[in-house]
Amino acid sequence: MMKLILFSCTLFALSYSRVTKINSLEWTQYKLKHGKVYYDSYDDLKHYNRYNDVKQEITEHNRRYSEGKESYLMAINKYSDVDISQFKGYIYHKHNEDINYANSEDNELTRRKRRVNIRDFYRKTQDNANSQMSPKDLLNIFENYGFESYLSHEHHNKTIVDKTTGARAHESVDWRTKGLVGRVRDQGSCGSCWAHSAVGALEGQHAKATGKLVELSVQNLVDCGSDAGCAAGGWPFQAYKYIIRKGRGIDTEVSYPTINRDNYKCLFNRSTIGATTSAFAVLTPGDEEALKNAVTNIGPISVCLEIAAPFVYYGSGVFDYPDCDSAFETINHCMLAVGYGTDSKSGKDYWLVKNSFGTDWGDQGYIKMVRNKHNQCGISTMASYPVVTPV
């Protein structure tokens, strides 16, 4: 009995020791800065322990950076106290074995669902991985496995970008300096990365065609372009298809504000359309040279790829993570490639990519991802952009 009491007292002492650490100024300031409020002391302690573990990981990584063994810095951010599996559950582009994909009619009331077997779909794309897939191959696989025909046949040959298309690429490009990139937004806990990516690409093409950068509504796509809303993500193809259908267009952000949650109804208004597109182009899967030429000559390009745990805590520098996969099956996030260049410190080529985690993430909302390293993370695996006719 005495041993049991002593053991219980020891556990209590250890628990109390950790709880007292949780009341440190650092932890309190972290919660205040990021608006963290937890239900009880147990929940608070759980998140603190995660925060403490991540902080140690970041400290060790940044030590290697200072020794020249890493090309990027990691940083404490709003996700540092969240378990990575929980983070994946509400932020990443989600893939279930069976997913409903919808096609919304003009009145947004009739939703025709198609069910696709994602595992079989990915197996087919992987079967093609050893040979050079064309954009048409990729779209055919989508269509054959139950997806809508995402590219209208009359534009099929006009809008696909080959790696030889366009003028000679430059040493560096940054479309932010040319007025083709909107502000960094924060998707919150809504699985809307696909919509942010598509909207960013359309904003760029619309600005290039009209000379005016108009902020477009992500919420319009979340509410009207997908049956799943925030719950299960989507694809930029899906967004383009919604916007293209019978010249529908997409509302402005001002008229249809983004709230990072489901409205459970479509509030699209034809009188407040901010931009339209007639077709979209898909780049050659896995071809970084094709992506480079597109970014050079077209503008900001929608990209979908895999992001792994270290990505979540990116701070600055060139993100180089060899364990990152480039297969279709591992894609879990969509972003916007807005430029490229070569880092003066590490000497590494990089893609300049705009994320949708807010300006308090990464380098003011952006990340430099390593370029010319075997399509690391699948940066060019699924790249696309909408076509906007100059006025």
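The values are calculated or read from the model by the stated rules, or taken from the named source; none is laboratory data. These figures come from a predicted structure and were not determined experimentally. Cβ placement follows ideal geometry from the backbone for every residue including glycine, while neighbour counts extend to all protein chains displayed.
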With respect to the numbered conditions (1) touching a strand residue (DSSP E or B) at 6+ places or on another chain (Cβ under 9 Å); (2) surrounded by fewer than 19 Cβ atoms within 10 Å (Cβ to Cβ); (3) among the acidic types (Asp, Glu), which one is the sole condition not fulfilled by Glu306? (2)
Can you tell me which of Cys334, Cys377 is modelled with pLDDT of 95 or more, in the same structural domain as Ile250 (by TED's automatic domain parsing) and part of a helix (DSSP H, G or I)? Cys377
Looking at segment 327-347 only, could you name the residues that are buried (at least 20 other Cβ atoms within 10 Å of the Cβ) and farther than 24 Å from Asn77 by Cα? Phe328, Gly339, Tyr340
